[in-house]
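Report on the structure given below.
The values are calculated or read from the model by the stated rules, or taken from the named source; none is laboratory data. Bear in mind the structure is a predicted one, so any value in this text is a computation, not a measurement. Glycine gets a Cβ as well: all are built from the backbone with ideal geometry, and neighbour counts include every protein chain shown.
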Amino acid sequence: MPNYIYTAINQSGSNVSGEIMADSIEMVENMLSAQGYIPSRIAEGGSALSFGWWKKIEMRLTSVKADELILFTKQFRTMLNAGLPIIQLFGVLENQTENKKLRNIIVSITINLREGSTLYDAFAKHTGVFSPLYCSMIRAGEQSGTLPEVLGRLIYILEHERKIKSDVKSALQYPVIVLVALVIAFIVLLTFVIPRFAGIFSRAGVELPLPTRACILLYQFLDNYWQWIITGIIIIIIAVRYYYKETEAGKYLWHTLTLNIPVTGPLFLKTMMSRFASVFSILQSSGVPVLDSLDILGGTIGNYVIAKEISLTRDRVEEGRGISGPLKSAKYFTPMVVDMIAVGEESGKLEEMLREISAHYDDEVEYAVKRLSDAIGPVLIVGLAVVVGFFALSIFLPMWDLTKIVRKGF
């Protein structure tokens, strides 16, 4: 059993420290709480060092899925409506949560709340799981005293975005599987099948046609330089990933490309417009100020290019302009979004107009996903036919010549 070193605050407000043998950090916290202590620091000690490193690695590799986050939020909202005290509520959530990472976060939130932190501050310490939007909704509900209602709207956002992501993934799943199978088949035929047939044809004195010679050259290149090819691919992937993930120029370029790809670009843009309108409308209905809403949208929209446009719009709104005016100069905001927001501002029904935009683009995304599936099918069939035809010619053309030689021999 691991040994844990702790520092805690007792009932008189003094700091105490010591060591406890327990199975996990959660057990240590429960044992200390039972003694009336508020844990402030717990760390593995002595022989538990390697165990502690393993736990840290495990926690980093463990992710909180969208379904688990939605379930947590629903349970949170239900118990708030039932009137459970907040500390007791999180104790129940800790016992009901199966995901280790989320359970540890709940324990951490409970400790922060006992120390006097606000609910928003406690959640904001775990931005890897709770997005800026999630934390901002918690703050809005906490400040307005309508946390259950705000959590209901948050659940709608989470479920809405999960559905859109699921639809897009479903549309792309079949093409990805086909492409992977095609690449595997290409490599197997090139490295195992073609060389054997080429050896048979060479021994028979058959002159190899162009497709077969091309296959042999490709095989020889792979056979001689496969180590360098794999190393180069790894280096390129790491460099590209760093450039597009860590640098602003790389993010801007990558997200610009994703919005301008002929088939998938319009789909991604419609998805962004749906997310923008749905989140904006819910933030407005939750009482979040417009400037704060635009800040949150910039951090949660999921596209660096559109986030920059939202940031520029926010700066102009802060100068005293409306929302629709600055959006007109934004490249990727569609005329429908701009016009509907303008009508909402003039009529005082911005929240209603944003809901209409969201509903419209939800339908557009569903239709675009169907069109994407219909468009990718023929492209994959043509690609498959080209690969199969290439290898068929590489094998059957020399076989045809070999057949003619055999007939002449008779």
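Scanning segment 348-390 for residues that are outside any helix (DSSP H, G or I) and not basic (K, R) yields a count of 1.
Candidates are the residues of segment 130-146 that are under 18 Å from L71 (Cβ atoms) and touching a Phe, Trp or Tyr at 6+ places or on another chain (Cβ under 6 Å); the one that is modelled with the lowest pLDDT is I138. Of all the listed residues (I105, I155, I87), the sole one being surrounded by fewer than 20 Cβ atoms within 10 Å (Cβ to Cβ), part of a helix (DSSP H, G or I), of a type in the set (A, V, I, L, M, F, W, C) and under 24 Å from the mean Cα position of the chain (by Cα) is I155. Determine whether segment 208-227 contains at least one residue that is outside any helix (DSSP H, G or I) and crowded, with 16+ Cβ neighbours inside 10 Å. Looking for residues that are outside any helix (DSSP H, G or I) and crowded, with 16+ Cβ neighbours inside 10 Å, one finds at least one in segment 208-227, hence yes.
Whether a residue is of a type in the set (D, E), over 25 Å from the mean Cα position of the chain (by Cα) and within 30 Å of S285 (Cα to Cα) was assessed, and E366 does not pass this test. The sole residue among I138, I184 that is of a type in the set (A, V, I, L, M, F, W, C) and over 22 Å from the mean Cα position of the chain (by Cα) is I184.
Taken as a whole, the condition of being in a helix (DSSP H, G or I), buried (at least 17 other Cβ atoms within 10 Å of the Cβ) and more than 22 Å from the chain's Cα centre (by Cα) does not apply to V343. Of everything listed in (1) closer than 17 Å to S278 by Cβ; (2) in a helix (DSSP H, G or I), the single unmet condition for F333 is (2). Checking the conditions here, which among I301, I306, I238, I282 is exposed (fewer than 12 other Cβ atoms within 10 Å of the Cβ), in the same structural domain as A375 (by TED's automatic domain parsing) and closer than 30 Å to S170 by Cα? None of the other options fit; the residue is I238. Regarding I87, is this residue under 22 Å from G145 (Cα atoms) and not assigned by TED's automatic domain parsing to the domain that holds E29? When the stated conditions are applied, I87 passes them. Of the helices (runs of 4 or more DSSP H) lying entirely inside segment 247-326, those containing at least 1 residues that are touching a residue at least 40 places away in the same chain (Cβ under 8 Å), closer than 22 Å to R153 by Cβ and among the basic types (K, R) span 265-285. Residues in segment 108-124 that are out of contact with any Asp or Glu (no Cβ under 8 Å at 6 or more places or on another chain), assigned to a helix (DSSP H, G or I) and without any contact (Cβ under 8 Å) to a residue 60 or more places away in the chain were compared, and the one that is surrounded by the most Cβ atoms within 10 Å (Cβ to Cβ) is A122. Are any of the residues in segment 165-179 in contact with a Ser or Thr (Cβ under 8 Å, 6 or more places away or on another chain), in a helix (DSSP H, G or I) and among the charged types (D, E, K, R)? Scanning segment 165-179 turns up no residue that is in contact with a Ser or Thr (Cβ under 8 Å, 6 or more places away or on another chain), in a helix (DSSP H, G or I) and among the charged types (D, E, K, R). All conditions in (1) at pLDDT 80 or above; (2) in a helix (DSSP H, G or I); (3) β-branched (V, I, T) hold for T127, with the sole exception of (2).
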